[in-house]
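Q: Before anything else, here's the structure in question.
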4 protein chains.
Amino acid sequence: MFHYTRKAQYHETDQMGVIHHANYIKWMEEARVAFLDALGCGYVDIEREGLGSPVVGISIDYRHPTMFSDEAEIGVRINRYSTRMMEIGYVIRNVTRGTLAAEGVSKHCFLKDGAVVSLKTALPKLDALLSAYLDSDENGNE
Amino acid sequence: MFHYTRKAQYHETDQMGVIHHANYIKWMEEARVAFLDALGCGYVDIEREGLGSPVVGISIDYRHPTMFSDEAEIGVRINRYSTRMMEIGYVIRNVTRGTLAAEGVSKHCFLKDGAVVSLKTALPKLDALLSAYLDSDENGNE
Amino acid sequence: MFHYTRKAQYHETDQMGVIHHANYIKWMEEARVAFLDALGCGYVDIEREGLGSPVVGISIDYRHPTMFSDEAEIGVRINRYSTRMMEIGYVIRNVTRGTLAAEGVSKHCFLKDGAVVSLKTALPKLDALLSAYLDSDENGNE
Amino acid sequence: MFHYTRKAQYHETDQMGVIHHANYIKWMEEARVAFLDALGCGYVDIEREGLGSPVVGISIDYRHPTMFSDEAEIGVRINRYSTRMMEIGYVIRNVTRGTLAAEGVSKHCFLKDGAVVSLKTALPKLDALLSAYLDSDENGNE
């Protein structure tokens, strides 16, 4: 699993005194962006090719609250990939409190000129990286 | 179904030229807040009793994009309720474009002094309203 | 003055129990968008002409807090306009509490293909509307 | 000057293809929080004493846009401090593009139980740190 770390910010709190739940969706995106960068084909590369990778579904289970100033570590991995659809899994740990904050999944397709496309033809470099990632024992069987 | 309407704002767009997906989570909250107000026991009432109603899970499927200045109509209803857990369903329609924007679900528990409580004892007024809502043919069988 | 009304949302609160100050910048934008729509040449029209109207400066004085569920009324007017620069003034009132929430100003230029342009040549329709607005006793001398 | 660094995130972009201007207010807060932590009396310490430090004014001049994935370095320093009022200055540099992104100022008072208080009596530790900071040639005359 790739790990992305960030601090919970004051502007992310709500009047319950915890990080508002909508921010976790942003944290998942931040971790996904850093993960694809580390994989070797980031959002900047994807968009340079005229492609988009919109979110088509999100699900998240909130376990324990995150408070202002807590350090969150977001683990990211590709759960599934099939040239037209990518599913990414997230485990958000609260490092400061030693708790599991949340677990989530996001699903993505790939768009070019408004149409869903296959990465195999539209961006073979990323297709190869994602396939290799899933083939690797180290990542796939973790 | 209760309906809450709001306009998609410029500050909610992203560089794909659409409303960023994290904002739908906020729209669902806005609609839920308006719905509970209309039901007769809103967030202000809930928190006045020392209760919180944190989100324990969210899932959302994104169907068609919403653009800046589009009018979104968020339909809300209670899917399930069991004194300790409430599940709310959402249908987000893009009125301007005549499309289905997204469908989602949020799950909530009820907290008092950090412990999960039953609404039946902690806030009987809301318990009665939610039970009556689900018993009503008009709403429950829609 | 043009008036735009909106409710303070739960997701806009912070752990001080008030609306987080960064949200007022978004409220000012929402009011500005509605105001230009009402004037007859909105953001959608501006961007359709290949123009942008970026914010080049913001200042805001916070007077009294806004709380969740409070109704905010944002008064908007054009303070100054000179074909290349527009200054907009805002008065945010908390209708629920009868208080002045904040007063602010935003300054804007007009951009086309990355260069600052004069509205007189780039978008004469908006230039005429802004000039007429400032000439009008009703608005200019309010 | 203290420096805080962070990456511009995808969820912070808008449909002009740049970081939306409201996010700079959040970046200023993040930098201020990190700065007070480094000074030795952070927001967590301030709030533990029952104090708040609300923003009473913000002004910001936007110079050059920040794009998704750009690295922003926010320089922070105390401009003025007078036991009841603190003014903080910010210089936001776009490290990736070598440009000045924005310059800003935030003003703060100190609140306890809803009343404005003097830090000298309410939180002498922070009062001493702020006074020492301004007395220091290294910082004050920079």
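Q: Once the label point is set 7 Å along the Cα-to-beta-carbon vector, what list of distances in nm do you get between residue C:38 and its counterparts in the other copies?
A: 2.5, 4.5, 5.0
Q: Quick one: net charge around residue B:44, please, counting Lys, Arg +1 and Asp, Glu -1 for every other residue with C-beta under 11 Å from its C-beta.
A: -4
Q: When each copy gets a label point 7 Å from Cα toward the beta-carbon at residue B:96, what are the spacings between them in nm, shortest first?
A: Its label point is 2.7, 2.7, 3.8 nm from the equivalent points in the other copies.
Q: In addition: Quote the FRET efficiency, to the nearest 0.05, computed for residue D:135 versus residue A:5 with a Förster distance R0 of 51 Å and r equal to the Cβ-Cβ distance.
A: That gives a FRET efficiency of 0.90.
Q: While we're on this one: Given label points at 7 Å from Cα along Cα→Cβ, what nm distances, shortest first, separate residue C:135 from the same residue in every other copy?
A: 6.3, 6.7, 7.2
Q: On a 23 Å Cα-Cα criterion, which of the cross-link pairs B:26/D:112; C:26/D:7; B:26/C:7; A:26/B:107; A:7/D:120 come out too long?
A: As for pairs spanning more than 23 Å Cα to Cα, those are B:26/D:112; A:7/D:120.
Q: Over all Cα pairs of chain B, how is the pair count split among 5 Å bins, expressed in % and running from 0 up to the last occupied bin?
A: Reading upward from the zero bin: 2, 10, 19, 21, 17, 13, 9, 6, 2, 0.
Q: Tell me the angle of helix B:22-39 to the major Cα principal axis of chain B, expressed in degrees between 0 and 90 and rounded to the nearest ten.
A: 40
Q: Now a separate question. For the stretch C:1-80 and the stretch A:76-142, write down the distance between their C-alpha centroids in whole Å.
A: Computed from Cα coordinates, the inter-centre distance equals 37 Å.
Q: Over all directions, the average projected area of the alpha-carbon convex hull for the protein assembly as shown comes to how many nm²?
A: 27.8
Q: Return the long-range amide H neighbours of residue A:79 (sequence gap of 5 or more, or a different chain), with a cut-off of under 5 Å between placed amide H atoms.
A: A:87, A:88, A:89
Q: Put +1 on the Cβ of every Lys and Arg and -1 on every Asp and Glu Cβ in the stretch C:38-109; which of C:78, C:51, C:65 then has its Cα farthest towards the positive end of the dipole?
A: Checking the options against the dipole of the stretch C:38-109, the answer is C:78.
Q: Here's a follow-up. Please report the base-10 log of the normalised intensity I(q)/I(0) for the stretch C:64-142, using a Debye sum with one equal scatterer per alpha carbon and no solvent, at each q in 0.13, 0.18, 0.23 (1/Å).
A: -0.53, -0.79, -0.99
Q: Magnitude of the Cβ-charge dipole of the protein assembly as shown, K/R +1 and D/E -1, about the Cα centre, nearest 20 debye?
A: Its charge dipole is roughly 0 debye.
Q: Any idea what the dipole of chain A comes to, in debye rounded to 20, about its Cα centre with Lys/Arg Cβ at +1 and Asp/Glu Cβ at -1?
A: With only Lys, Arg, Asp and Glu charged at Cβ, the dipole is about 200 debye.
Q: Looking for one value pair here: nearest-to-axis residue in chain B (by Cβ) for the rotation onto C, and the distance in whole angstrom.
A: Residue plus distance in Å, as requested: B:6, 4.
No lab work stands behind these numbers, since they all come straight from the coordinates. Since we're looking at a predicted model, the values are computed, not measured. Backbone-built Cβ (ideal geometry, glycine too); neighbour counts: all protein chains shown.
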